[in-house]
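Trainee: Before I ask anything, let me first share the structure, which is written out below as structure tokens.
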Amino acid sequence: MLHELLLSLLGYTGDLIIDTRESESLSSQTPISDECTFKLAPNINFIDPSDRELIERIIALGFYYRELDRFSAKSRNLSWIRSSNEIANPLGTVSGMPEGKRENPSVYRRALANGIVEILSVYRSAVLHIEQLLLSETMPILATVTQGLNKFFSLLPPLYELILEIEHDDIRGGQLLNLLYKRYHCGVPELQTCMQRLLWHGHQVMYNQLASWMVYGILQDQHGEFFITRQEDRDVENSSSHPDISEKLARLSTDDASLTDWHLGFHICLDMLPEYIPMHVAESILFAGKAVRVLRNPSPSFQSGDAVYPQMPKSFHKIHGLAGRFQFQRVPVINKGMGEDLLPQSEADKIETKLLDLKESSEFHKRSFECAVDSIQAIAASHLWQLVVVRADLNGHLRALKDYFLLAKGDFFQCFLEESRQLMRLPPRQSTAEADLMVPFQLAALKTIGEEDKYFSKVSLRMPSFGIAVKPSQLDPPKATSSTDGTRASTSSASSKMSFEGWDGIALEYSVDWPLHLFFTQEVLSKYLKVFQYLLRLKRTQMELEKLWASVMHQYHTDFAKRQNDRDKCSITNEKRQRLRPMWQVREHMAFLIRNLQFYIQVDVIESQWNILQTRIEESHDFTELVGFHQEYLSALISQAFLDIGSVSRILDGIMKLCLQFCWNNETQDTSELEHIAEEFNKKSNSLYTILRSSRLAGSQRAPFLRRFLLRLNLNSFFEATARGVLNVVRPRPSLVLNQH
């Protein structure tokens, strides 16, 4: 009876102790039983009820041992490595494994099984010690067994419940770590020590995956258990419905796989993220791995003196604890010369050392883990900053975007608008709109852009609704065809309105090379384009008002010369001048508003924000900080230029269209709508002033710069006086508009 009891403690039943599942053939695929199936044979009648109850309590440990051992053997079975490398047969199953019974392997379950094996080995040693003790001395059997296995009564049942929950809910990866972390917090010291050891085994796998990801930029996760996952192909296809993502993908070079990885390749899987790892720490891990991938996989087109063709670094297989346990995926582009230069081996060793210190600790310390991740993220961000800011000349590209998208090269755009002025009087032609614009664009470049400007070649002009971008580097742009047909040359009000709205779609594109795609994303470039189109309309409006005044002065001097020769027509000319004087006062009012708005945006907004950005770039050596500073810079431009306030944007657009219509009608001697234009302009300009001085805007970040703009507009209290009554006047007299000078 003694030996059968001891054997039952190791999972072997017989005549005295039976297994109610003996009729079933137990295999590795047999599910774990939900209840204890080890029982004392019912035909045994010589055992007292109290002893029977104690024996059944003891043999339950044998049942727990057997189920834990089966779980460990199943989880540690490495036949899946061979099976995963075999080619599936035409029926879609792998040889030797029935379809429907295959289970996805799990490295985290294997790690847990290794920890369980350690605990079971201690249990077997305890059973062996009890056997030796009972054979050497005459002692009470049940009392000795109960005393020798006392601590396992509080260990094996919780472990059995643990594997039962794992099997039932198919828990793996980060979910398994989360479950162990919860079970670790308990009030039983022996069980807490046991769970801590199991959690340590699970963390070994996580640290190995972190080392692969954060040291070499390789995602080693064959079974989808890590909380950093690669974006599924189907998700990328579905994302094509989103215009920003689709356009971003279209613009990325197929050779620069690291850029695609940066934008869309990897994300955080919340299902596999343990609850004790905060989201900001997971984001730092994601960033660090992506940054290392970029640093270790430079684009072949990136100019460097040390650039050579891709090779696998010799230090690749030196990850502690990884060699021989996992089969690394080969990354197609790893440049040994440039990659090690961008991320020196000494820096990679620092990252690896920090992870090894965490790995060797017997207990998981949340604070230490977060500090290590933050320091690794700082190392990756610093080297990425070095790559983007220093090697890729980020500041030069920022200045180029300021020159061309924010109209800092005013002479170039002044020349371009003058050269294209006659063309923009007509509606854009669908077939040749971009080519027609290319002629004045090239002429302006020849007159104002010097050979030392190496960034102009990256700028291209396009009309988004009319076709493909036309680059300034094209040597033979097509000539603009003249409009001889009546429909295109029509100067009706409908045609002129179309021309104003059509040419407002002029856009610039900027060719961004590796690795600046990490900084100048499609979202960033779209913000630059939004500001550019607004500033170009503003500059065009200002130029048309100035051209109109120059034309009027030229006509005035011509008429003055004629009056000296013909005294009889002098009175007629004076009457005409008196009749048109209110209209010229309206023109001056328009020019005053447009000039002040342009000065406010270019000086108070763009230049001041540019200086702030330059100061921050000089002080920062962290890529993530730099991205944040640039986002704040763009947000400030859009906000302080009122592009994010729909009511103000609509009023400004309406004012610019009225100014252009005013100039057009004056040059074509069409005075029928001038009074209506003047009336609408007065209403809109005073509505603008009323909104800008409202209390809602007074407390925003625009306030300091907005006050300067309002001070210039209301220098002689004209706007404030007229804004009180003009909105309620049906038809104000243009003669009330005073000269602001």
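Throughout, read-outs are computed from the coordinates displayed, never taken from laboratory work. Bear in mind the structure is a predicted one, so any value in this text is a computation, not a measurement. Neighbour counts are summed over all protein chains in view; Cβ atoms, including those assigned to glycine, are modelled from backbone coordinates with ideal geometry.
Trainee: Show me the three semi-axes of the equivalent ellipsoid for segment 101-164, from the C-alpha gyration tensor (sqrt of 5 times each eigenvalue), largest first, rounded to whole Å.
Mentor: Over the Cα atoms of segment 101-164, the ellipsoid semi-axes are 32, 12, 9 Å.
Trainee: Just grab the label-to-label distance for A143 and E161, each label 7 Å out from Cα along the Cβ direction, in nm (one decimal).
Mentor: So the two model labels end up 3.1 nm from each other.
Trainee: A further question follows. Need the full-extension length gain, R391 to S526, defined as separation in residues times 0.36 nm minus the C-alpha distance. One decimal, nm.
Mentor: Between R391 and S526, full extension yields an extra 46.1 nm.
Trainee: Sticking with this structure for a sec: Taking the beta-carbon count within 10 Å as an exposure proxy, list D357, D341 from fewest neighbours to most.
Mentor: In increasing order of surrounding Cβ atoms, one gets D357, D341.
Trainee: Related question: Distance in nm between label sites at R21 and H223, each 7 Å beyond Cα in the beta-carbon direction?
Mentor: Using points 7 Å along Cα→Cβ, the separation is 2.1 nm.
Trainee: A further question on this structure: So what are the ³J(HN,Hα) numbers for segment 595-608, from phi and the Karplus equation (6.51, -1.76, 1.60; θ = phi - 60°), rounded to whole Hz, Gly and Pro as x?
Mentor: 4, 5, 5, 5, 5, 4, 5, 6, 9, 5, 9, 5, 5, 5
Trainee: A follow-up question, please. Quick check: residue separation of D653 and W549 times 0.36 nm, minus the Cα distance between them. What number comes out in nm?
Mentor: Extra length from D653 to W549 when fully extended: 35.3 nm.
Trainee: Given R₀ = 41 Å, FRET efficiency for Y12-S361 by Cβ-Cβ distance, to 0.05?
Mentor: With R0 = 41 Å, the Cβ-Cβ based efficiency is 0.60.
Trainee: Right, something else. When a footprinting reagent is the concern and you count Cβ atoms within 10 Å, what order do D436, D504 take, fewest first?
Mentor: In increasing order of surrounding Cβ atoms, one gets D504, D436.
Trainee: If I take R0 = 35 Å and measure r between the Cβ atoms of K447 and T615 in this structure, what FRET efficiency does the formula 1/(1 + (r/R0)^6) give, to the nearest 0.05?
Mentor: Between K447 and T615 the formula returns 0.55.
Trainee: Mind listing the phi-derived Karplus ³J(HN,Hα) values for segment 181-192, rounded to whole Hz, using 6.51, -1.76 and 1.60 with θ = phi - 60°, and x for any glycine or proline?
Mentor: Taking θ as phi minus 60°, the curve returns 5, 5, 5, 5, 7, 9, x, 9, x, 5, 5, 5 Hz for segment 181-192.
Trainee: Rank by packing, highest mean first: peptides 292-300, 127-135, with packing defined as the count of other Cβ atoms within 10 Å averaged across residues.
Mentor: Order by mean packing, descending: 292-300, 127-135.
Trainee: Moving on to the next point. Please compute the length gained on full extension between T193 and S608, using 0.36 nm multiplied by the number of residues separating them and subtracting their Cα-Cα distance.
Mentor: 143.4 nm
Trainee: Ok, one more. Taking 30 Å as R0, compute the FRET efficiency from the Cβ-Cβ separation of E275 and E35 and round it to 0.05.
Mentor: Taking R0 as 30 Å, the efficiency between E275 and E35 is 0.50.
Trainee: Further question: Quick check on the exposure proxy: order H223, H383, H185 from fewest to most C-beta atoms within 10 angstrom.
Mentor: H185, H223, H383
Trainee: Also, quick follow-up: Please turn the phi angles of segment 395-411 into ³J(HN,Hα) values with the Karplus equation 6.51 cos²θ - 1.76 cosθ + 1.60 (θ = phi - 60°), one per residue in order, whole Hz, x for glycine and proline.
Mentor: Rounded to whole hertz, the list is 5, x, 5, 4, 5, 5, 5, 5, 4, 9, 8, 9, 6, 5, 7, x, 5.
Trainee: Just to be sure I understand the model, the point goes 7 Å from the Cα along the line to the Cβ. What's the resulting K454 to A378 distance in nm?
Mentor: Label at K454, label at A378, 3.4 nm between them.
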